[in-house]
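Accompanying notes for the structure given below.
The values are calculated or read from the model by the stated rules, or taken from the named source; none is laboratory data. Quick caveat, the model's predicted, so the values are computed rather than measured. When we count neighbours, we look across all protein chains shown, and the Cβ atoms used for this are built from the backbone with ideal geometry, even at glycine.
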Amino acid sequence: MSGWKLTLKQAPALRVDLRSVSVAAFADLDAAAVGRHVVHHGNEAVALGDLFTVAPQADGELRLEGDLSKFDRIGWQLAGGTIRIDGDAGDYLGAGMSSGEIVASGSAGLLAACEMSGGRLEIGGDAGDFAASALPGSMDGMRGGTLLVRGNAGQRFGDRMRRGTALVFGDAGNFIASRMVAGTIAVAGRLGAHPAYGMRRGTLLALGPAPALPPTFVGNNVDIGVFWQLLARDLARHGGAFDALPKRKPQRFLGDLAAGGKGELLTLSL
Amino acid sequence: MELNGITIDDSFAEAFPMKGTRLIVTAHDMTWARHAAVATTGFATSVIACGCEAGIERELSPDETPDGRPGISILIFSMSGKELAKQVEKRVGQCVLTCPTTAVYAGLFDGDPIALGKNLRFFGDGWQASKMIGGQRYWRVPVMDGEFVAQETTWVTTKAVGGGNLLLLATDTAAALHAAEVAVAAMKALPNVIMPFPGGVVRSGSKVGSRYPTLGASTNDAYCPNLREIAKQSELGPDIGSVMEIVIDGLTDADVAAAMRAGLKAAIALGAGSGLKRIGAGNYGGKLGPFLYHLHKLVPGAAA
């Protein structure tokens, strides 16, 4: 299957929905036919070729180049293959993806990795609000796979997250891991206000300065060394601040007691 | 064939296909890992009455285990995957879950999956927590010393082989025992095999059938020195006063062969002066088991 390289000609005036753009969808098409593929720019149908220069790629990957911050739903429900974005991406980046890999060199808009269930999504810059969370009205957020945010994360990161691993190399906004059902979130930098609000189960790991603990969390200073080594060694392979995790020892807090208290907030700040 | 004064019978060991898995048990220190592993592999000498054959494969240093603690790898073999799953659940539930500070992980990652912590988690009575780490699911079960961590699944190989064996025939008990100990030590240095009997050695080798209809196996009278002169057919010459057998189970055919080769080499090196006079092997005529290990092909210097 041929890959495709789409180079943005100029930034559009309105938002463009790229959910129909994938290597799989273009499997039987030549470059001219890909250029005629219709996407929506606001409520107007435009040909992909009007927005991008289209060129085939031998490696089978989908490459997007340019400032794509107005392009939404890149990698929507991706089920395999690789998408590389050289620049920023719009909203819903990798939303609902179940397999494959998306690497964006820049930042992502709202709801990146929301309801992601597998694969790997790497955001080189910042992630907007509601990353790794749920689509509006849905009960479960991110439910599998690995999300890496090299920059900072916005608010409500991992809202209703159920499974999978989400790492933030920078700081995180307010209400991280709100209503979290399960899974693992680790933040190298600072946490915003109200971390793990309404958390039911799962793990929120804060490597940075001590977060202001919610009053509905309770200290539980017991040995979880076995589990910690399994988790820390797995996170360490992502490098950066996570590299030295196996050598450190976490402090454990249980909560949110208002939601059963089976979640855990681990801090390393001491 | 005679090597170093020891007669090597022109015989072969006859072995059977089994299902096997490896478990990694870790603990706070090697003492407690060993307690758990010894208990888990206890009463597991023969599938005839134990349901499985199990043993300690080797000790693992902290850098070889998933959680960085000392551990022990154990191998468990059964005739069927279903029985193996039952045995793993019972043994891990009673002997690892109960043992202070332990955790348990899969030691094989291909083949058919069976439950490891998958059902034991219910001991947590709702407080158990699951965690996906590196694509594997682990269960954290709260217990009185902290938490018991168990991988959800282990995997079963269908290529395992049970019943490789050596018979060591010597002038007296001391010589037979010494030869057996030396051979077992040499085999224990190899991976992927266990010798399931006490100390790796069995003195009650059996033949198929019995004069009592309810028994499927009975004493191997042809190799009993007490019956040397009176059994209908004794395999023992006047110089043999004691016989020991070593039984080997391995994850593959080649592993069992390698263990027999190592055992033969170590025993032959003792020389006839040690009292070891003959080495044989147990079989059923070659028609029952698909794996045949001819001694003459396994002795040192034999063409592989």
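Just a few scattered comments:
- Scanning region B:249-304 for residues that are more than 21 Å from the chain's Cα centre (by Cα), under 18 Å from B:M187 (Cβ atoms) and of a type in the set (K, R) yields one hit, B:K297.
- With respect to (1) assigned to a strand (DSSP E or B); (2) touching a residue at least 60 places away in the same chain (Cβ under 8 Å), the lone exception for B:S73 is condition (2).
- Only one of the numbered conditions (1) assigned to a loop (DSSP other than H, G, I, E, B); (2) at pLDDT 95 or above is violated by B:G289, and that is (2).
- Given (1) at pLDDT 95 or above; (2) farther than 24 Å from A:C114 by Cβ; (3) not small (G, A, S), index of the condition A:L213 fails: (1)
- Any strands (runs of 3 or more DSSP E) falling wholly within region A:164-270 and containing at least 1 residues that are under 23 Å from the mean Cα position of the chain (by Cα) and away from chain B (no Cβ under 14 Å): A:184-187, A:203-206, A:263-267
- Among the residues here, B:A106 does not qualify as within 14 Å of chain A (Cβ to nearest Cβ), free of Cβ contacts under 8 Å to residues at least 40 places away in the same chain and crowded, with 19+ Cβ neighbours inside 10 Å.
- Candidate set from region B:59-95 (those that are within 16 Å of B:P113 (Cβ to Cβ), buried (at least 23 other Cβ atoms within 10 Å of the Cβ) and touching a Lys or Arg at 6+ places or on another chain (Cβ under 8 Å)); member that is farthest from the other protein chains (Cβ to nearest Cβ): B:S78
- Residue within region B:16-32 that is surrounded by fewer than 23 Cβ atoms within 10 Å (Cβ to Cβ), among the small types (G, A, S) and assigned to a loop (DSSP other than H, G, I, E, B) present: no
- Spans of strands (runs of 3 or more DSSP E) in region A:1-94 with at least 3 residues within 18 Å of A:A112 (Cβ to Cβ) and aliphatic (A, V, I, L, M): A:79-86
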